[in-house]
1. For the range 180-201, what are the residues that are of a type outside the set (S, T, N, Q), within 18 Å of Val106 (Cα to Cα) and modelled with pLDDT of 85 or more?
2. Keeping to the range 38-81, report how many residues are over 19 Å from Gln16 (Cα atoms) and hydroxyl-bearing (Ser, Thr, Tyr).
3. How do the strands (runs of 3 or more DSSP E) wholly within the range 151-201 filter down when requiring 1 or more residues that are under 12 Å from Arg130 (Cβ atoms): which remain?
4. Condition first: without any contact (Cβ under 8 Å) to a residue 24 or more places away in the chain and farther than 20 Å from Ala126 by Cα. Now tell me which residues in the range 165-200 satisfy that.
5. Which pairs have Cβ atoms under 6 Å, sit 6 or more apart or on different chains, and link a residue in the range 32-50 that is in the same structural domain as Leu14 (by TED's automatic domain parsing) and under 13 Å from Lys61 (Cβ atoms) to one that is aromatic (Phe, Trp, Tyr) and part of a strand (DSSP E or B)?
6. Suppose we keep only residues that are of a type in the set (Asp, Glu) and closer than 16 Å to Ser175 by Cβ within the range 105-142. Which one would you say is nearest to the chain's Cα centre (by Cα)?
Amino acid sequence: MSAQEMALDRRERLRQLALETIDLKNDPYIMKNHLGTFECKLCLTIHTNEGSYLAHTQAKKHQVNLARRAQRDASAAVPATSAGPRKFEAPKYTKIGRPGYRVSKVQDPETMERGFLFEIDFPQIATDSRPHFRIMSAYEQKMEAPDADYQYFLIAAEPYETICFKIPNTEVDRSPDRLFDDWNESKKKYRVQIFMKQEID
């Protein structure tokens, strides 16, 4: 018997043994796809036939993933004790609409860097709350098809809806004197200025 025949014979014996010990009908991880091949939903692998899937279930990768899933399910089932760390729950607010805003284009006369000045009014901002901003890539957002030429500048404050500005996808100058914000609590006005680094040809 050649080495190839021996390997085929061994594989067939393993398949028969696995068929005796594993009930494929009740296996939650096997799925037959539209191409007629079998997928392991736990390991995200594809197998040409049941025998290949059964051999996979006996292999190290599947067994490790089974142990991880069992450990995760066990830890999720354990109720949190009073002595454990308490989860912080952010207060829930009813959104009251978008704040008023003004956007101005700015340019530094010395460096010639171009930028934006955002001025937002939050007259009904939540007590002890402060607005904050974030820069998001086109691939993080789910509202539009990603466009590599743009990024998004988000400003949020409770209970207002988050507002978003589409800006060129140029590197933001994050120096303290170039990217800064100011919250005037008495006037409830928030100002953010950003400058985009000049692209050197």
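1. Step one: list which residues in the range 180-201 are of a type outside the set (S, T, N, Q), which gives 180-183, 185, 187-192, 194-197, 199-201.
With the extra rule that they be within 18 Å of Val106 (Cα to Cα), the set shrinks to 180-182, 190-192, 194-197, 199.
Hits for the range 180-201 are Asp181, Asp182, Tyr190, Arg191, Val192, Ile194, Phe195, Met196.
2. The total comes to 3.
3. 180-184, 189-196
4. If the condition is that a residue be without any contact (Cβ under 8 Å) to a residue 24 or more places away in the chain and farther than 20 Å from Ala126 by Cα, then Lys166, Arg174, Ser175, Pro176, Asp177, Leu179, Phe180, Ile200 are the ones that fit.
5. Close Cβ pairs (under 6 Å, with a partner that is aromatic (Phe, Trp, Tyr) and part of a strand (DSSP E or B)) amount to His47/Phe38.
6. Going through the qualifying residues, I end up with Glu113.
The values are calculated or read from the model by the stated rules, or taken from the named source; none is laboratory data. The shown structure was predicted, so the numbers you read here are calculated from the model rather than taken from an experiment. Note: ideal-geometry Cβ built from the backbone for every residue, glycine included; neighbour counts use all protein chains shown.
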